[in-house]
1. Closer than 24 Å to residue 481 by Cβ, under 16 Å from the mean Cα position of the chain (by Cα) and among the polar types (S, T, N, Q): does that describe residue 302?
2. Tally up the residues in region 255-273 that are at pLDDT 95 or above, open to solvent by 10 Å² or more (accessible area, probe 1.4 Å) and farther than 19 Å from residue 307 by Cα, please.
3. Inside region 327-342, can you point out the residues that are hydrophobic (A, V, I, L, M, F, W, C) and open to solvent by less than 10 Å² (accessible area, probe 1.4 Å)?
4. Identify, by number, the condition in (1) at pLDDT below 90; (2) under 27 Å from the mean Cα position of the chain (by Cα); (3) of a type in the set (Gly, Ala, Ser) that residue 93 doesn't meet.
5. Scan region 333-352 and give yes if some residue there is more than 18 Å from residue 452 (Cβ to Cβ), part of a strand (DSSP E or B) and not aromatic (Phe, Trp, Tyr), otherwise no.
6. Being surrounded by 18 or more Cβ atoms within 10 Å (Cβ to Cβ) and in contact with a Lys or Arg (Cβ under 6 Å, 6 or more places away or on another chain): is that true of residue 157 here?
7. For region 414-437, enumerate the residues that are in a loop (DSSP other than H, G, I, E, B) and under 17 Å from residue 463 (Cβ atoms).
8. For region 482-504, name all the residues that are more than 11 Å from residue 395 (Cβ to Cβ) and not in a strand (DSSP E or B).
Amino acid sequence: MIDFNEKIREECNKTLKTMKIIFIITFLSYLSAVDITFSVDMSNEELTSGCSPTVAGSFNNWSSAYNLTDSGYGIWETTIDLNPNSYYEFKFGICGWQLENLPPEGTCTVTNYGYTNRFLSTLNESLSLETYYYASCDISEDGEDNADWVLVWSDEFDAPEIDMNKWSYEVGTGNWGWGNGEAQYYTDNSNNSFIEDGKLIIKAIRQYYAGSDYTSARMVTKNKGDWTYGRFEIRAKLPAGTGTWPAIWMMPTDSEYGGWPDSGEIDIMEHVGFDPGTIHATCHNDTYNWYDGIPPPGGELNVNDFDENFHTYTLEWTESSLKWFVDETLYYTYSNTSSWSTWPYNHDFFIILNIAIGGTWGGQQGIDDSIFPVQMEVEYVRVYQGGGGSEPGSSDVTFLVDMQNEQIDESGIYVSGGDSQLAGPAGIFMSDSDNDNIWSVTIPLEPGTYTYKFRNGYYNYWDGPGWEDANSLEDCGVGEWNDRQITVSDEDFVVGPYCFSSCEPCENENSCDTLGDVNNDDVLNILDIVTIINIILSDEMSDPCSDFNQDGITNILDLVSLVSAILES
């Protein structure tokens, strides 16, 4: 007869032994675990507030996802204890289980049972994995290049009220609408600026107040946050509507070189409502400003969902350059020219956040009163200092312009732009070494977006002759003067040839429909042979149809080739 009590005791003992073994294995695993740091570059992805990136994998049998922490510059990371000398597969995700789609034959992926995952093998020591872009096997450059930047100041707007230890208000209408004829009255009222859901809200309202028809807020860090050089990141969602003029910008704490614009102004982001989606980067100084007729240098980038989603507007400011980014996309660079009149950016500046209404720029197409109230939402403002890694190398850009329809000025042809690398207004001399009317020059340019024009003749001032006709460049030009524009990355490239004052190549009036048909009678015969002989003997300029073998010159070889063609026909 079976002793059930004895049987139960045996099973309990077995269970206890198993649990002891599991405990010992778990304890030993914990003692021998290694720290593995996972990191991913999310700068190309749209993230929503409260929904962080994650990582999931076979290290916990895909049972749950770990949240990652924002470490700046679009890089998110976390550290997990894993067993040494083990193989794991994993994926990054957004909002838990919205996992990335990976290339099945990527350099960082492996495919098993129809699933494509990232993989790693641990050793007996802790490891920081390579930082890849989300859903890609491309290694992030931003994580390495920005490693030297150190966070020195920030406002995450996670308190219930605005931190007045970091911000002050500029109140009123300023001198002639803050110098731009703006229509709003800036207040420090709680209905124009406040914290909501972890964001700073700057709200413009249509209301009669102190003689103005609109109110808004203009917040500054002056004497509470002032810096010389650094990386400035502001993540914001902008207002839309004709008449709005939101800005994220910087002004000098002290007027080291005199009043505006001599001591400088740096516009990290400007947007005018009548031109939706165009983000502007600009800097002002003694040489480049709106007062002297010399347009301030700047770049543009189109962001279609500027009013629907948050984007990170960034300025990197070093001793050698100013660089503007949107979501880590570099779109304009302004270089140090070693002159205070073009580079006053060597002393403290402070940050300004505001929404202007109307004004000389924002109000060029009026103000749509039906849009109010409108608001700019700011998730955070972060300031980094400490270097920012090495400066990017330059790319060789070859500019070509066709001058066949122009009378060439005796001083030659130039390419000129507002950036110091394009030496505006005088520009950089081009050459036509082979006398084919195509003028060229190769210029090393740092990555960024540049505007430029070609100029017929040397003139060392902006408001002068020789420029391409702006009206003829409407189809390809940008800005008020229809400038040409290029974006430089890390590869060499050729621009053009464009016809001077045209968006297209020149039509070649000397083109040839049929090679060898010098007299243009649509047939190759003895008359063409005689004409080519006369060209060779008289040393005349070659007709485009006489260069039968297309070697750039008319000679006996063309004559022999033409005779052979006639005999064969």
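The values are calculated or read from the model by the stated rules, or taken from the named source; none is laboratory data. Since the model is a prediction, treat every value here as computed from it, not as a measurement. Counting neighbours? That spans all protein chains shown, and the Cβs are built from the backbone with ideal geometry, glycine included. For accessibility, only protein heavy atoms count, side chains too; no ligands or nucleic acids. Shrake-Rupley method; radii C 1.70, N 1.55, O 1.52, S 1.80 Å.
1. Against the criterion (closer than 24 Å to residue 481 by Cβ, under 16 Å from the mean Cα position of the chain (by Cα) and among the polar types (S, T, N, Q)), residue 302 qualifies.
2. The total comes to 1.
3. As a first pass, look at region 327-342 and keep what is hydrophobic (A, V, I, L, M, F, W, C): 330, 340.
Within region 327-342, none qualify.
4. For residue 93, the exception is condition (1).
5. yes
6. Yes, satisfied.
7. Result: 418, 424, 425, 426, 427.
8. Result: 482, 500, 501, 502, 503, 504.
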